[in-house]
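The values are calculated or read from the model by the stated rules, or taken from the named source; none is laboratory data. Predicted, not measured: the structure shown is a model, and the values here were computed from it. FYI the Cβ positions are ideal-geometry reconstructions off the backbone, even for glycines, and counts take in every protein chain you see. To get the accessible areas, we keep the full protein, side chains included, count just its heavy atoms, and leave off ligands, DNA and RNA. Shrake-Rupley method; radii C 1.70, N 1.55, O 1.52, S 1.80 Å.
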Amino acid sequence: MTIASSSADEELIGFDDERETIRGQLVRVSPELDVVSIVGMAGTGKTTLARSFNKNDSHFDFWGECRVSQVYTRKDLLLSILSSNCDPTELSKEAADELADRLRKILLTKRYLLIIDDVWEVKAWDDLILCFPDARNGSRIILTTRLQKVAVCAKRVTEPHFLRPLNKQESWLLQKRWLVFSQRWTG
């Protein structure tokens, strides 16, 4: 089971079924680049679910992540994706177009998994999509968003995945977990 949190040791409370569905979409045999969009309200666990498919997954050769939010720069997003695999101090000297070219060249030779988190508008997706080549090797992108229109615009093969609310048992487990967590900080 899994929970959303901002710490490195995120634990997913619930969503085991959702995780298995998405895992199947990520590793299926289809060779073309695909975008698996996770759509849901704020705080429902989209990011935690996406991050549960982490860089330790041996199915992919390259793993990167960026958080878009409402205010972003293309350069910062590219730096974020590249920094998980390259020296960020060297990269910060490059312009956005140079970073985009570098990323595209790296990804062209890899089966990659990217997490593009918290996308608020189609323009943000448009700013990045040309950096993600389709080398027909099974590369995947997980996109998280609150907005259906963003997920629909990013769609390639897989239909957007609308995150279901937690059921009663999952909600109870989450509430119990938060109680224990909050007592640690106040006790």
Item to check | Within the stretch 140-168, considering residues that are polar (S, T, N, Q) and more than 13 Å from the chain's Cα centre (by Cα), the one nearest to VAL36 (Cα to Cα) | outcome: THR158
Checklist entry - Can PRO160 be described as closer than 20 Å to THR47 by Cα, at pLDDT 95 or above and either touching a Cys at 6+ places or on another chain (Cβ under 8 Å) or not charged (D, E, K, R) (or both)? => result yes
Next on the checklist: Checking the conditions here, which among SER83, SER69 is under 18 Å from the mean Cα position of the chain (by Cα) and surrounded by 15 or more Cβ atoms within 10 Å (Cβ to Cβ)?
Outcome noted: SER83
Next on the checklist: Of everything in the stretch 41-53, what is at negative phi and assigned to a loop (DSSP other than H, G, I, E, B)? Give them in sequence order.
Outcome noted: MET41, ALA42, THR44, SER52, PHE53
Item to check | Residues of the stretch 14-40 that turn out to be open to solvent by 30 Å² or more (accessible area, probe 1.4 Å), modelled with pLDDT of 90 or more, of a type outside the set (Asp, Glu) and not in a helix (DSSP H, G or I), as a count | outcome: 1
Item to check | Conditions (1) exposed (fewer than 14 other Cβ atoms within 10 Å of the Cβ); (2) at pLDDT 95 or above: number failed by PRO88 | outcome: (2)
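Can you give me the number of residues within the stretch 54-66 that are outside any loop (DSSP other than H, G, I, E, B) and either without any contact (Cβ under 8 Å) to a residue 24 or more places away in the chain or open to solvent by 70 Å² or more (accessible area, probe 1.4 Å) (or both)?
Residues meeting the conditions: 0.
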